[in-house]
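Written below as structure tokens is the structure these notes are about.
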Amino acid sequence: MNTPSPIDRSRSAELFEAAKGYFPGGVNSPVRAFKSVGGTPLFIAKGDGAQIWDEDGNQFIDFCCSWGPLIHGHNHPHVFEKIVGSLQNGASFGAPTRKENELAAFMLERLPFIDKIRFTSSGTEAVMSALRLARGATGKNKILKFEGCYHGHVDALLVKAGSGLVTFGTSSSAGVPEAFANETLVLPLNDADALTKCFETQHQDLAAVIIEPIPANNGLLLQDKSFLNLLRSLCTKYGVLLIFDEVISGFRVAFGGAAELFGITPDIVTYGKIIGGGLPVGAYGAKKEIMANVSPEGPVYQAGTLSGNPVAMAAGLAQLELCAAEDFYIKQAQRTQQFVDSINSFALAQQYPMELVCVGSIFWFSFNGKKRITAADQIDGDMTAFNFMHHYLLNVGVYFGPSGYEVGFVSSVHTDAQLAFSAEQIKAALAAFYQK
Ligand SMILES: *Cc1c(COP(=O)(O)O)cnc(C)c1O
């Protein structure tokens, strides 16, 4: 069996040692620490197109793409030019700028289900604000979420299903009071009966339901369309607001995200990642009657020193302009499907118990045999195969996010040759693992 010889990562290792003295666990966001796959993280020195280079000068084809924002890869010339152009006029003013109008107009023209938006500086902030808006607009307190959906590190959503018959959540992070967690109900994904029962018994207290319509932060848990339709109709029937958290799926599977792809209208939607072109931006939006609750128009307070930052707005607009090109999403989906099919047909022929799941240009390595997985508790927690593959691929110049629960992304600038090379390396890694 051929396993590639390890690349030199000594400079990254040194930087990580130093970082441990500065940051908890050496990082500013936990999954970066490589705890899940083992070993120590790469320190990235630069990126260009679909490639990144680490501090030791190793080169990688990047399928992490900053966890999703970089749908046109690193330093796309159009995005780069707009960022630099904006920066020449100053970095931030804390006063309105034309750039905010431009990005908002570009989005709202193409997103028929929302009339107004508010920009924030991260996806977490967008979700946090959307929950406050839903509570403010309905005068109710409880929120329903689904096990396996990630909505950022919002207190009320760092919650897992409690034990017993009640679906009230218990906090999944220290520092979140049980009293907060008790305001959140948790259900399994794709379970129509549990959902219907929950609405029947809890609807009078429910302000909103929040879901990733394409759950992509804990595997890629594609839902039955009928489940999402049921959710929409129950929310309508009982006067509960439906929040689509499209921080990862927005502008990724279609310009209008999962809402457009499935033709389902949310009451409130949250965005992030792609919307900022690699700079920190989030947003939440809704019909104007709901958005009228937001300060200073209404009583729901929400603010931000750097909200609507002009450089970030310029980056976001540049990126979304490229996304709005004709057939952009069709092409992205086709190229991704081809990449995925090539690996899947190999795995099937070799009878390996794995399969890539994909939608649009998002894909996930599912080491669950050929079983379709729609809920968090169906995922096989044994990540040995993924972890082996991850290390193997680093040594041959292919970079994935360092956890088997994370998805990969194909950008518009991954070339056919880069995709073909990566597919061959993935097949070789799988062969090396299963023939051990
Ligand atoms: C990434 C993500 C968030 C959190 O966004 P941050 O910018 O990391 O705060 C929230 N919801 C979903 C669905 C996400 O994918």
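A few points about this structure:
- Cα gyration tensor shape for region 77-323, rounded if a/c is under 1.5, else prolate or oblate: prolate
- Note on region 226-321: with neighbouring protein chains present and a 1.4 Å probe, carbon and sulfur make up 59 percent of its accessible heavy-atom surface.
- Rounded to the nearest 5, the antiparallel percentage of DSSP beta bridges internal to region 77-323 is 45%.
- Anisotropy class assigned to region 23-161 is oblate, per the alpha carbon gyration tensor with a/c at or over the 1.5 cut-off and a/b no larger than b/c.
- Principal-axis tilt of helix 384-395 within the chain, Cα atoms, nearest 10 degrees: 60 degrees
- Along region 243-259 the Karplus relation, 6.51 cos²θ - 1.76 cosθ + 1.60 evaluated at θ = phi - 60°, assigns HN-Hα couplings of 9, 8, 8, 10, 4, 9, 8, x, 6, 10, 8, 6, 4, x, x, 5, 4 Hz to successive residues, with x for each Gly and Pro.
- Contact order, relative form, for region 77-323: 30 percent (alpha carbon pairs under 8 Å, 6 or more residues apart, mean separation divided by residue count).
- With a simple spin-label model that places each label point 7 Å from the Cα along the Cα-to-Cβ direction, the separation between His153 and Ala325 comes to 3.6 nm.
- Within the chain, longest stretch clear of exposed GluC sites (Glu not before Pro) (DSSP loop, no more than 13 other Cβ within 10 Å): 1-296
- Acute angle (nearest 10 degrees) that the helix 123-138 long axis makes with the longest principal axis of the chain, alpha-carbon atoms: 20 degrees
- The chain: antiparallel DSSP beta bridges as a percent of all, rounded to 5: 60 percent
- Cα centre as origin, Lys/Arg/Asp/Glu Cβ charges: region 77-323 dipole, Debye: 240 debye
- Electrostatic tally near Ala13: other residues with Cβ closer than 12 Å to its Cβ, Lys and Arg +1, Asp and Glu -1, net -3.
- Think of a 1.4 Å ball rolled over the protein heavy atoms: region 57-175 then has 46 Å² of accessible area per residue.
- Counting only alpha carbon atoms, the long axis of helix 310-323 and the longest principal axis of the chain meet at about 70°.
- Taking other residues whose beta carbon is less than 13 angstrom from the beta carbon of Val294, and scoring Lys, Arg as +1 and Asp, Glu as -1, yields +3.
- Accessible surface of region 55-209 [probe 1.4 Å, protein heavy atoms]: carbon and sulfur percent: 53 percent
- The stretch between Lys371 and Asp416, if pulled fully straight at 0.36 nm per residue, gains 13.3 nm over its current Cα-Cα span.
- Surface calculation, 1.4 Å probe, protein heavy atoms: Phe365 sits at approximately 10 Å² accessible.
- Applying 0.36 nm per residue to the separation of Phe80 and Ser29 and subtracting their alpha-carbon distance, the gain on full extension is 15.8 nm.
- The residues of region 341-417 expose, per residue, 36 Å² of accessible area to a 1.4 Å probe.
- Close amide-amide hydrogen proximity is noted between Ser366 and Glu355, Leu356, Val357, each under 5 Å apart and 5 or more residues distant or on a separate chain (H modeled in the peptide plane; Pro and chain starts excluded).
- Area of Cys64 that stays accessible when all protein chains are in place (1.4 Å probe, Å², to 10): 10 Å²
- Net lengthening on full extension, Asp191/Asn89 (0.36 nm per residue, minus Cα-Cα): 31.5 nm
- Helix-only CD estimate at 222 nm, as mean residue ellipticity for the chain, using -39500 (n - 2.57) per DSSP H run (n ≥ 4): -11500 deg cm²/dmol
- Over the chain, relative contact order from alpha-carbon pairs under 8 Å, at least 6 apart, %: 23 percent
- Region 319-374, relative contact order [Cα under 8 Å, separation at least 6], %: 29 percent
- Within region 10-128, antiparallel bridges make up roughly 100 percent of the DSSP beta bridges whose residues both belong there.
The values are calculated or read from the model by the stated rules, or taken from the named source; none is laboratory data. These numbers come from a predicted model, not from an experiment. Note that each Cβ is placed from the backbone with ideal geometry, even for glycine, and that neighbours are counted across all protein chains shown. Please note that ligands, DNA and RNA were not included when accessible areas were found on the heavy atoms of the full protein model with its side chains. Shrake-Rupley method; radii C 1.70, N 1.55, O 1.52, S 1.80 Å.
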